[in-house]
Each structure stands twice: as structure tokens, then as C-alpha cells.
Amino acid sequence: MTLHYKPFAPLVARIREDGKCLEGGILKVDSFINHQIDPTLLQSMSIEFVRRFANKEINKILTIEASGIAPAIMVGFLLNVPVVFAKKKKPSTMDNMLVTEVFSFTKNKSYTVCCSKDFLGAGDKVLFIDDFLANGNAAKGIIDLVNQAGATLAGMGFIVEKSFQHGGDYLRDQGYQVESLAIIDSLDNCTITLRSNQR
Ligand code: G4P
């Protein structure tokens with residue numbers, strides 16, 4: 001399958017400058033994406049997501065806590081639609097829940113992800129936004145929640161996709177519109193290899 005990929009230049013430049021590679025194929029971007037956040041970069045990335053999904057009808061943004069929340073809010077703000085984050089712990093005060101299991105490859109354990117039926121239901125046209133796409137397990141959990149709700153998944157937007165973990169291949173093969181602002185083809189030998197263009 002041809003992947004029409006266009007790197008988002010300001011993000012690529014920032015990864016080159018401030019991204020760090022950790023053992024085990026982990027890209028550390030906590031100085032600008034998922035611990036300290038650069039709001040100007042976040043704004044420009046969110047505008048890019050809106051541009052890439054302009055062909056889709058979207059009435060809700062969905063993400064998973066925690067790191068997805070910041071980009072999701074910015075996209076929701078730009079589209080003027082509500083933002084829902086799936087929770088990793090079932091709140092004791094909440095019933096009427098949609099629940100699924102997600103296996104975390106990085107943490108080597110499964111966790112429960114849930115969302116109230118009050119905020120995700122039939123007729124919703126959902127855009128899923130998250131910081132990383134690796135194996136795609138979080139995205140699979142989201143697909144399950146959306147299906148349980150009878151909602152429609154309009155697309156999935158990720159700040160960074162790690163192609164060597166193949167979540168993106170799986171999701172695109174399922175027919176979803178997946179947009180990644182930067183694709184990392186390898187972190188071998190602690191060298192960040194960014195994909196430069198369509199291939
Ligand atoms: P998957 O959902 O695509 O299958 O990913 P995986 O299980 O491998 O990843 C689990 C967690 O690790 C996710 O965050 C994901 O965003 C994050 N992650 C995966 N690869 C990288 C990486 O190279 N760098 C960084 N910084 N994070 C990575 P999470 O556990 O849900 O944490 P959070 O959203 O609460 O921060």
C-alpha cells in the first residue's frame with residue numbers, strides 16, 4: 001500500500017534538534033511534547049491535523065490519557081468540538097461505561113481503558129488524536145470503544161509514528177485514514193532516522 005506521507009517540517013526540525021533516543025527504541029520528546037510542552041509547536045501541529053482531516057465530518061475528538069490530551073484539546077478547540085479522553089482507571093463514581101483492554105508493549109502489561117456512554121455514542125463522528133503510534137494497541141482499544149458505542153471513526157492523527165513497530169501498517173490496512181506528522185523509520189544504534197518523504 002502506498003503511504004502518502006508528508007512530514008510536518010517544524011516538528012521534524014524540532015525532533016532533530018531536541019529529540020533523544022533511549023535504549024529499546026524509545027524516542028524521548030519530553031522537552032517539547034509530553035512533559036514540557038511547546039504550545040506554539042502544538043498549535044501549528046494541530047492546525048496541520050485540521051488541514052489533513054478537512055475532508056472529514058468530525059463532531060468529537062477522542063484521545064487516551066495522559067499525553068494525548070494536550071494535542072486533542074488544541075484540535076478540538078480549532079474545530080470547536082468537544083474533546084473526550086478515555087480513562088485508564090475506571091472511576092468509582094462512573095457507571096454506564098464502555099470498557100476495553102489495551103496491551104502496552106512498552107510496559108509489558110495490559111490495562112483497562114474506559115469511557116462513559118454519555119460522551120461517546122451512536123452518531124458520533126470521531127477523530128482520534130494521540131502523541132505516539134507504535135504497535136497501535138492504544139488505537140485498537142479506541143477502535144473497540146468506538147465500535148461498542150456505535151460511533152464512526154473518521155480518522156486517526158498521531159504526532160509521531162514509529163514505523164518499525166507496524167501499528168500504522170495495521171491501521172491503514174484496515175482502511176482508516178491515519179495521519180502522522182513525523183515518521184521514525186529506525187532508532188537503531190541510538191540514531192534517529194526520520195522518513196523524509198513518500199515512498
Ligand atoms: P501502542 O499504543 O502504539 O501499541 O504503543 P505502546 O503500547 O508501545 O506504547 C505505550 C505507551 O508508550 C504509550 O503511552 C505511548 O504513547 C508510549 N510510547 C510508545 N513509544 C514511545 C516512544 O518512542 N517514546 C515515548 N516518549 N513514548 C512512547 P502511555 O503509556 O499511554 O503513556 P501516557 O500517554 O500516559 O504518557
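General remarks:
- Of the whole protein surface, Phe32 contributes about 0 Å² of accessible area at a 1.4 Å probe radius.
- Amide H contacts of Lys60 (H built 1.01 Å from N, in plane; Pro and chain starts excluded): Lys125, Leu127 sit under 5 Å, all sequence-distant by 5 or more or on other chains.
- Distant-in-sequence amide H partners of Gly157 (H built 1.01 Å from N, under 5 Å): Phe128, Ile129, Asp130, Glu179
- Value of [θ]222 nm, deg cm²/dmol, for the chain, DSSP H segments ≥ 4, -39500 (n - 2.57) each, nearest 500: -8500 deg cm²/dmol
- Couplings for the range 10-21, taken from phi via the Karplus curve 6.51 cos²θ - 1.76 cosθ + 1.60 with θ = phi - 60°, read x, 6, 4, 4, 5, 5, 4, 7, 10, x, 10, 9 Hz in order; Gly and Pro are left as x.
- Of Thr152, Thr112, Thr93, the residue with the greatest mean-square motion in the GNM of the chain, using alpha carbon springs below 10 Å, is Thr93.
- Reachable lysines from Lys117, criterion Cα separation under 26 angstrom, eight or more residues apart if same chain: Lys56, Lys60, Lys87, Lys88, Lys89, Lys90, Lys109, Lys125, Lys140
- The chain: Cys lacking any partner C-beta under 4.7 angstrom: Cys114, Cys115
- Percent carbon-and-sulfur accessible area, the chain, ignoring ligands, DNA and RNA, probe 1.4 Å: 50 percent
- Cα gyration tensor shape for the chain, rounded if a/c is under 1.5, else prolate or oblate: prolate
- Local electrostatic count, Val29, Cβ distance below 12 Å [Lys/Arg +1, Asp/Glu -1]: 0
- Taking all protein chains into account, the per residue accessible area for the chain stands at 50 Å² (1.4 Å probe).
The values are calculated or read from the model by the stated rules, or taken from the named source; none is laboratory data. This is a predicted model, so every value here is computed, not measured. Neighbour counts are summed over all protein chains in view; Cβ atoms, including those assigned to glycine, are modelled from backbone coordinates with ideal geometry. Accessible surface is based on the protein model in full, side chains and every heavy atom, while ligands, DNA and RNA are left aside. Shrake-Rupley method; radii C 1.70, N 1.55, O 1.52, S 1.80 Å.
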